[in-house]
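Have a look at the structure below, then the notes.
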Amino acid sequence: TDAIAYIAQLKQATGKRTGRPLSGSHINKHIQALKLFSKYLRETGKSTVGFALQRVEETRSKPQYLTKTEITALYDAVPNSILGIRDQAMLAVFYGCGLRLHEGASLELKDILTDRKILHVRKGKQYKERYVPIAEKNYEELKLYIDYARPQLLQQYKTEALFIDANKGRAMQKQSLYIRIKQLSRKAKLKKKIGTHTLRHSIATHLLQSGMKLERIQQFLGHGTLDSTQIYTHLVNEAL
């Protein structure tokens, strides 16, 4: 059927951003959507066709993370400029606070609660909100960006978005944030292929190495279950 052919095509496809084969969990989301669509057609009497689709096996790869030395190299690669101040603020958000890419891209000025040194994540995964503490160094970097660099990047355009595009003075999109981190990693001459999620994996691993409880890291990252956080224990054990 067309549904089976579609899933077979997905199994051969690669991600536009990663260039790697699509994960089992990604393909299974498509299978689930097709099954729900089939159920809807039958229940509404529009069709009696059902999709005999089998879920694919989900192989979970270990997340890649940067060592503290590599994180230092990333900070050392930051230029001494307005964009460099923005780079530091981005590292404060994606490494220091462990935010996902879409969470960081959705941040607005009001989400940085300066009186309490807390970051409000309003658009977390599955629409879950959470509050993330901002360490002193990260807070200073964010404050410098908000007070000094951001107004210069903003120009005449008005937006409440935290991260501002250098050319247009408008809110940075997810892809722009991702590309900027990649550029920084190349400048730092890091051999690992990294993105914003690598920084999230890195802070989780470093917090666990420093002795933070797994339950607190779960809250910090906004994981729905402890199982998602458990994988970092394997990374730490390997590093010992």
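The values are calculated or read from the model by the stated rules, or taken from the named source; none is laboratory data. The shown structure was predicted, so the numbers you read here are calculated from the model rather than taken from an experiment. Neighbour counts are summed over all protein chains in view; Cβ atoms, including those assigned to glycine, are modelled from backbone coordinates with ideal geometry. Ligands, DNA and RNA are stripped out before the accessible areas are found, and what is left, the full protein with its side chains, is counted by its heavy atoms. Shrake-Rupley method; radii C 1.70, N 1.55, O 1.52, S 1.80 Å.
So in segment 153-174, with the set limited to residues that are under 19 Å from the mean Cα position of the chain (by Cα) and more than 19 Å from residue 119 (Cα to Cα), which one is surrounded by the fewest Cβ atoms within 10 Å (Cβ to Cβ)? Filtering segment 153-174 for residues that are under 19 Å from the mean Cα position of the chain (by Cα) and more than 19 Å from residue 119 (Cα to Cα), the one surrounded by the fewest Cβ atoms within 10 Å (Cβ to Cβ) comes out as 173. The requirement of being surrounded by fewer than 13 Cβ atoms within 10 Å (Cβ to Cβ), part of a helix (DSSP H, G or I) and among the basic types (Lys, Arg) is satisfied by residue 137. Between 226, 177, the distinction of being modelled with pLDDT under 90, open to solvent by less than 80 Å² (accessible area, probe 1.4 Å) and within 21 Å of the chain's Cα centre (by Cα) belongs to 226 only. I'd like to check something: does segment 56-72 contain any residue that is surrounded by 14 or more Cβ atoms within 10 Å (Cβ to Cβ), at pLDDT 80 or above and aliphatic (A, V, I, L, M)? Within segment 56-72, one or more residues are surrounded by 14 or more Cβ atoms within 10 Å (Cβ to Cβ), at pLDDT 80 or above and aliphatic (A, V, I, L, M).
For segment 101-114, the count of residues that are in contact with a Pro (Cβ under 9 Å, 6 or more places away or on another chain), of a type outside the set (S, T, N, Q), in contact (Cβ under 8 Å) with a residue 12 or more places away in the chain and surrounded by 13 or more Cβ atoms within 10 Å (Cβ to Cβ) is zero.
Among the residues of segment 69-98, those identified as of a type in the set (Gly, Ala, Ser) and either under 19 Å from residue 176 (Cα atoms) or over 17 Å from the mean Cα position of the chain (by Cα) (or both) are 73, 77, 81, 84, 89, 92, 98.
Tell me whether segment 140-152 contains one or more residues that are of a type outside the set (S, T, N, Q), surrounded by 15 or more Cβ atoms within 10 Å (Cβ to Cβ) and either in contact with a Ser or Thr (Cβ under 8 Å, 6 or more places away or on another chain) or free of Cβ contacts under 8 Å to residues at least 12 places away in the same chain (or both). Yes - at least one qualifying residue is present in segment 140-152. Looking at segment 199-219, is at least one residue open to solvent by 20 Å² or more (accessible area, probe 1.4 Å), over 18 Å from residue 119 (Cα atoms), basic (Lys, Arg) and in contact (Cβ under 8 Å) with a residue 60 or more places away in the chain? Among the residues of segment 199-219, not one is open to solvent by 20 Å² or more (accessible area, probe 1.4 Å), over 18 Å from residue 119 (Cα atoms), basic (Lys, Arg) and in contact (Cβ under 8 Å) with a residue 60 or more places away in the chain, which makes the answer no.
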